[in-house]
Amino acid sequence: MIVIGLGAMGSMTAWQAAARGASVVGIEQFPLAHARGSSHGGSRIYRQILFEGKEYVPLARRSLDLVRELERESGAALFARSGGLVIGTHGGPLIEDALASAVAGGVEFEQLEPDELRARFPQHAAFDDDVAVYEPGAGALRPESCITAAAEAAARAGAQIRVETPVLALRPGDAYVEVATGDETLRAKTVVLASGAWGLDLLPGVELPLRTQRSCLAWFKARQDQGDYRPESFPVFVRESRDLDGWGIPDVDGQGVKVGVGGTVQKRWLDRPEDNWEPPSAQDLKPAEDFCRIAFPGLDPRVAHATACMNSKTPDGDFIIGHVGGSGRVVFAGGFSGHGFKHSPAVGLICAQLALDGRTEFAIEKFSPNRFEDAR
C-alpha cells in the first residue's frame, strides 16, 4: 500500500500498516515533520473530556495507548502529562458539555469553583462566575516528535519512507492504483490519502466540502517571578468565559506558554494552502495578545514567538475517514477541523485497517465521506 502525506495521520498509518507486515511506501512532499501544514507547533492538547461526540472517546483512549507504545519503541518523550482544565461560565454550555462528556466517557475529573480554581491554578485570572472541570490525565503531545517516531518505526518495520517527493497524479483502477511522482510511477492495491489541505488536489472527481482556515499559534513568556507555567504546575486548558475564548498549553520546551483563540474569533479562509506560508502579522496575533492580557496577569502579553498553522475544516466539524471514489482502493483521511492531532494514532490504525482489511474495529459512521451527499 502507499500512504500519501506523512503528517500526523499519514505517519501513524504507515507505522500501523508496516507493523502488520504490509509492504508500505510512505510519500511526503516536504521534509518530515515540516511546518507548512497542520501537524507542527511544538505541542498539542491531549484530553479525553471531548465535546465533539461519544464516537471520539475510543479514538482518544486508543491513541494514548499507541503513543505510550511508540514511546517505548522509540525512546522519545512524546507526551507530557499536565492535567487539563475546561474553564467556563457556571451553567454555561462549555461546562455542561464537559461534565456530560466526562460522565459519559467515564473520565476522571474534579469540578472546581472560582476560589478553588484561583487557589490551585493562580496563573489564571478567574471571574467570580467561572467554574472549571479538571481532568488529571490530560496533557501535551509533541507533534514533530510523534511524527518522526512513527515514520522511523514504520521504516524499522520495512516501510520505504520518501520525503521531498511531490505526488503529481493519483489514478485508481480496477486492479491497482497508480501514483505518479516526478521520478517514477508506483502501483499499489490500496492508497491512503492523508495529505491535509492538499488532499482534494489529487481527487478531481471527488466532491467533499472542505475549506482551509489560517490559524496562528503564539507563545508568551512569564513576567519575572510571576508564576510557574511548566507542565507540573500549569495544565493544558480550554476556556470560554465572558469575552474570553481560547486554549493553551504549558511551557513544555522553554519557548513559553502556547496560546490560541477559539472559533468565535474570525480567522482567514485560504484559497490555497501555500497562501498560509507568510509569517503571522500583527493583526493575526492581536486576538491572542488580547486574550493573554486578560486571562494571565503573570504573562507578558507581547508575543514572544509565533508561527502560522492551518486547519482543513468540514461543515459539521467532524472528521472524514473512509473510502472515496468508485474503485474502493483509496482511503481518504482529512477534514480534522483543528481537533485531530490527539486522535492521530487511532486514525492511523483505522486507515491501516480500512486499506488492508476493508473494515475497521472502530465505529466510524459519523466520519463517512458519503454523509455530505444529501446536502449537494
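The values are calculated or read from the model by the stated rules, or taken from the named source; none is laboratory data. Computed from a predicted model, the values in this text were never measured in an experiment. We place every Cβ from the backbone using ideal geometry, glycine too, and count neighbours over all the protein chains shown. The area values use the complete protein model at the heavy-atom level, side chains included, leaving out ligands, DNA and RNA. Shrake-Rupley method; radii C 1.70, N 1.55, O 1.52, S 1.80 Å.
Would you mind stating whether Glu373 is farther than 27 Å from Ala153 by Cα, more than 21 Å from the chain's Cα centre (by Cα) and open to solvent by 10 Å² or more (accessible area, probe 1.4 Å)? Spell out the reasoning first.
Values: farther than 27 Å from Ala153 by Cα: yes; more than 21 Å from the chain's Cα centre (by Cα): yes; open to solvent by 10 Å² or more (accessible area, probe 1.4 Å): yes.
It is true that Glu373 is farther than 27 Å from Ala153 by Cα, more than 21 Å from the chain's Cα centre (by Cα) and open to solvent by 10 Å² or more (accessible area, probe 1.4 Å).
Counted as qualifying within segment 113-229 are the strands (runs of 3 or more DSSP E) with 2 or more residues that are within 27 Å of Phe319 (Cα to Cα) and open to solvent by less than 50 Å² (accessible area, probe 1.4 Å), namely 130-135, 139-141, 167-172, 177-181, 191-193, 211-220.
Which condition number does Asp243 fail, the rest of (1) touching a Gly at 6+ places or on another chain (Cβ under 6 Å); (2) open to solvent by 10 Å² or more (accessible area, probe 1.4 Å); (3) without any contact (Cβ under 8 Å) to a residue 60 or more places away in the chain being met? Single failed check for Asp243: (1).
Reported count of residues in segment 250-266, each being over 18 Å from His40 (Cα atoms) and surrounded by 18 or more Cβ atoms within 10 Å (Cβ to Cβ), is 0.
Listed by first and then second residue, the pairs with beta-carbon distance under 8 Å, at least 6 apart or on different chains, first residue in segment 202-226 and touching a residue at least 40 places away in the same chain (Cβ under 8 Å) and more than 24 Å from His40 (Cβ to Cβ), second charged (D, E, K, R) and open to solvent by 90 Å² or more (accessible area, probe 1.4 Å), are Glu207/Arg376. Of the residues making up segment 224-240, those that are modelled with pLDDT of 95 or more and not charged (D, E, K, R) are Tyr229, Pro231, Ser233, Phe234, Pro235, Val236, Phe237, Val238. Among the residues of segment 69-88, the one identified as among the polar types (S, T, N, Q) and in contact with a helix residue (DSSP H, G or I) (Cβ under 7 Å, 6 or more places away or on another chain) is Ser74. Taking every residue in segment 46-74 that is at negative phi and pairing it with any residue that is surrounded by fewer than 22 Cβ atoms within 10 Å (Cβ to Cβ) and acidic (Asp, Glu), at least 6 positions away or on another chain, the pairs with Cβ-Cβ distances below 6 Å are Phe51/Asp97.
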